[in-house]
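K.L.:
Below is a structure I'd like to ask you about.
The values are calculated or read from the model by the stated rules, or taken from the named source; none is laboratory data. As the structure is a computational prediction, the values presented were derived from the model and not from experiment. Ideal geometry is used to build each Cβ from the backbone, glycine not excepted, and the neighbour counts take in all protein chains shown. The accessibility values were calculated without ligands, DNA or RNA, using every heavy atom of the protein model including side chains. Shrake-Rupley method; radii C 1.70, N 1.55, O 1.52, S 1.80 Å.
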Amino acid sequence: MRILNILLALGLTIGLLSAQQQGKGKGAPPAPKEYTSAAEIQAMIAKSKNDRKDGQAIVNSAILRLAPYAANMEYRASVGPAAVHETEAEMFYVIDGTATMVTGGKLTGETRQNAENLQGTGIEGGNARQIGKGDFIIVPEKTPHWFSKIDGVLVLMSLHVPRKE
């Protein structure tokens, strides 16, 4: 009986350790962040500029968080991939800079990034528009979008908005 208890305890310990190992990195969701000052935004921009590596299209930082929503700052110093979010609309506010944004059309060089997102090397067709500081843009779900030209640096606030079908 004593050996059976030891084997059961050992099995339980191994099971718990295995479960802990599998759950590593999955922890609790990030704590809500309900306020960010203008000074903090400027510090985030400076940090993104310093942290950006050559060839890195986007540096992201959380501005606000309240699950399931997160407003992120996107620091873009070069053209990155085009995207389609199949289950979320995406709203942008231009904090600083200017760019050409293309919406609509068809992704070129399309690849699936995950169950809800496609990425591409560009967009064929679509509507190009100049955007700049102070502009707001909303991109409906399932709509290709791409910053095809960035004039220097583009700093955005982006918010993904889950949509029900």
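K.L.:
Write down the accessible area per residue of the range 77-119 in Å², having rolled a 1.4 Å probe over the full set of protein chains.
P.N.:
Ligands and nucleic acids excluded, the figure is 42 Å² per residue.
K.L.:
Taking amide H atoms as placed 1.01 Å from N in the peptide plane, list the residues 5 or more away in sequence, or in a different chain, whose amide H sits under 5 Å from that of Ala62.
P.N.:
Here Met73 satisfy the definition.
K.L.:
While we're looking at this one, here's another question. Apply the Karplus curve 6.51 cos²θ - 1.76 cosθ + 1.60, θ = phi - 60°, to the phi angles in the range 51-67 and return the couplings in whole Hz, x for Gly and Pro.
P.N.:
Working through the residues one at a time gives 7, 4, 9, 3, x, 7, 6, 9, 10, 9, 9, 6, 8, 9, 9, 7, 3 Hz.
K.L.:
Points 7 angstrom from Cα along the Cβ direction at Asn117 and Lys149: gap in nanometres?
P.N.:
Placing both labels 7 Å along Cα→Cβ, they lie 2.7 nm apart.
K.L.:
Which of rounded, prolate or oblate describes the range 90-165 when judged by the alpha-carbon gyration tensor and an a/c cut-off of 1.5?
P.N.:
Judged from the Cα gyration tensor, the range 90-165 comes out oblate (a/c at least 1.5, b/c at or above a/b).
K.L.:
What distance in nm lies between label points placed 7 Å from Cα along the C-beta direction at Ile138 and Tyr35?
P.N.:
My value for the distance between the label points is 2.8 nm.
K.L.:
I've got another one for you. Check which residues have an amide H placed less than 5 Å from Ser78's amide H, if you skip close sequence neighbours.
P.N.:
Excluding prolines and chain starts, which carry no amide H, there are no hits.
K.L.:
Which trypsin sites (Lys or Arg not before Pro) does the range 68-136 hold that lie in a coil by DSSP with at most 16 other beta carbons within 10 Å?
P.N.:
Here the trypsin sites (Lys or Arg not before Pro) that fit, given the DSSP loop and packing criteria, are Lys133.
K.L.:
Which FRET efficiency, nearest 0.05, do Ala89 and Asp51 yield, Cβ-Cβ r, R0 30 Å?
P.N.:
0.60
K.L.:
For the range 100-107, just list the computed ³J(HN,Hα) in residue order, Karplus coefficients 6.51, -1.76 and 1.60, θ = phi - 60°, integers in Hz, with x standing in for Gly and Pro.
P.N.:
Working through the residues one at a time gives 9, 10, 10, 10, x, x, 10, 4 Hz.
K.L.:
Could you derive backbone 3J(HN,Hα) for the range 34-41 from the dihedral phi with the Karplus parameters 6.51, -1.76 and 1.60 (θ = phi - 60°), listing whole Hz in sequence and x where the residue is Gly or Pro?
P.N.:
Couplings: 9, 8, 9, 7, 4, 5, 5, 4 Hz.
K.L.:
Taking all protein chains in place and a 1.4 Å probe, what share, in percent, of the accessible surface of the range 16-165 do carbon and sulfur account for?
P.N.:
54 percent
K.L.:
Report the GluC sites (Glu not before Pro) located in the range 33-80 that are in a DSSP loop and have at most 12 other Cβ atoms inside 10 Å of their Cβ, or state none.
P.N.:
When the GluC sites (Glu not before Pro) of the range 33-80 are filtered for loop state and at most 12 Cβ neighbours within 10 Å, Glu34 remain.
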